[in-house]
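The block underneath contains the structure these notes are about, expressed in structure tokens.
The values are calculated or read from the model by the stated rules, or taken from the named source; none is laboratory data. Predicted model, so just to flag it, every value in this text is computed and none were measured. All Cβ positions, even for glycine, are placed from backbone atoms using ideal geometry, and neighbour counts span all protein chains on display.
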Amino acid sequence: MDVKGLILPGCRLLCPRVLGDDRGTFTKTFVDDEYRSLGLPTRFAEEYFTRSAPGVIRGLHFQLPPYEYAKLVACIYGKMKDVILDLRVGSPQYGQVQEIELDADDGQLLYMPAGIAHGFLAHTEVIVSYKVTARYVPASDAGIRWDSLPLEWGVEHPILSARDRSFPAWSEFVSPFVYQPAEENQ
């Protein structure tokens, strides 16, 4: 598995080998020893997936301390623009946004440590898989409004949930997350 560091400290793009023949493809996305050697978590508390129509924006989501989590995301069907935002006060990239195109055909996975907000735009119909290191706690569920960041989503009339529309703007958010330099090696 190839691993690419991203602009936000501790975030990684994991690029497994995709084997293909006339039947289709085979991609191994998780090997405990490989993840451990990269300093990534191997114990996930929950796993779930979403299916979204083209033009759907989900996010930017995270869970507040003390229930924060690291997240592993994969686009397992379709194509999407993934967006991550560094919420960790003291991070050299605090408040910075990074966009990553994920395509199911590439088999790539996006790893984010705690303190990173995550969202995406579905370019096509997509199925997105998530693994998180802490259980969902409704009272700690939080987000940043999708249109309050300096980025171009590339869709004129996105499809959004009422919840995602109600999140505070980035400029109104007071972050409880604190950057730990050791996260860069995780």
* If you take the residues in the range 59-71 that are out of contact with any His (no Cβ under 9 Å at 6 or more places or on another chain) and of a type outside the set (Phe, Trp, Tyr), which one is surrounded by the fewest Cβ atoms within 10 Å (Cβ to Cβ)? -> PRO66
* To do: Kindly indicate the residue of the range 12-55 that is under 13 Å from VAL73 (Cα atoms) and touching a Leu at 6+ places or on another chain (Cβ under 7 Å) and also surrounded by the fewest Cβ atoms within 10 Å (Cβ to Cβ) among those meeting that condition.
  => THR29
* To do: Identify the residue in the range 126-150 that is out of contact with any helix residue (DSSP H, G or I) (no Cβ under 8 Å at 6 or more places or on another chain) and in a loop (DSSP other than H, G, I, E, B) and, among all such residues, is farthest from PRO65 (Cα to Cα).
  => PRO150
* **Residue within the range 151-159 that is β-branched (Val, Ile, Thr), crowded, with 16+ Cβ neighbours inside 10 Å and not in a strand (DSSP E or B) present** => no
* In the range 31-46, is there at least one residue being closer than 20 Å to LYS81 by Cα, part of a loop (DSSP other than H, G, I, E, B) and among the aliphatic types (A, V, I, L, M)? -> no
* To do: Determine if the range 168-175 includes at least one residue that is part of a loop (DSSP other than H, G, I, E, B), hydroxyl-bearing (Ser, Thr, Tyr), out of contact with any helix residue (DSSP H, G or I) (no Cβ under 9 Å at 6 or more places or on another chain) and in contact (Cβ under 8 Å) with a residue 24 or more places away in the chain.
  => yes
* Scan the range 120-135 and give yes if some residue there is surrounded by fewer than 16 Cβ atoms within 10 Å (Cβ to Cβ), without any contact (Cβ under 8 Å) to a residue 40 or more places away in the chain and not basic (Lys, Arg), otherwise no. => no
* Complete set of residues in the range 115-125 that are in a strand (DSSP E or B) and of a type outside the set (Val, Ile, Thr) -> ALA117, HIS118, GLY119, PHE120, LEU121, ALA122
* Consider PRO16 carefully, then state whether it is of a type outside the set (A, V, I, L, M, F, W, C), in contact with a Gly (Cβ under 6 Å, 6 or more places away or on another chain) and more than 28 Å from PHE177 (Cα to Cα). => yes
* Asked: What pairs come up if the first residue lies in the range 54-68 and is over 30 Å from GLU156 (Cβ atoms), the second is among the aliphatic types (A, V, I, L, M) and modelled with pLDDT of 95 or more, and their beta carbons are under 7 Å apart, counting only those six or more places apart or on different chains?
  -> GLN63/ALA134; GLN63/VAL137; GLN63/ALA142; LEU64/ALA142; TYR67/ALA134; TYR67/VAL137; GLU68/ALA114; GLU68/ALA134
* Under 6 Å by Cβ, and 6 or more places apart or on different chains, what pairs join a residue from the range 90-118 that is modelled with pLDDT of 95 or more and surrounded by 23 or more Cβ atoms within 10 Å (Cβ to Cβ) with one that is part of a helix (DSSP H, G or I) and of a type outside the set (Gly, Ala, Ser)? -> PRO113/GLU183
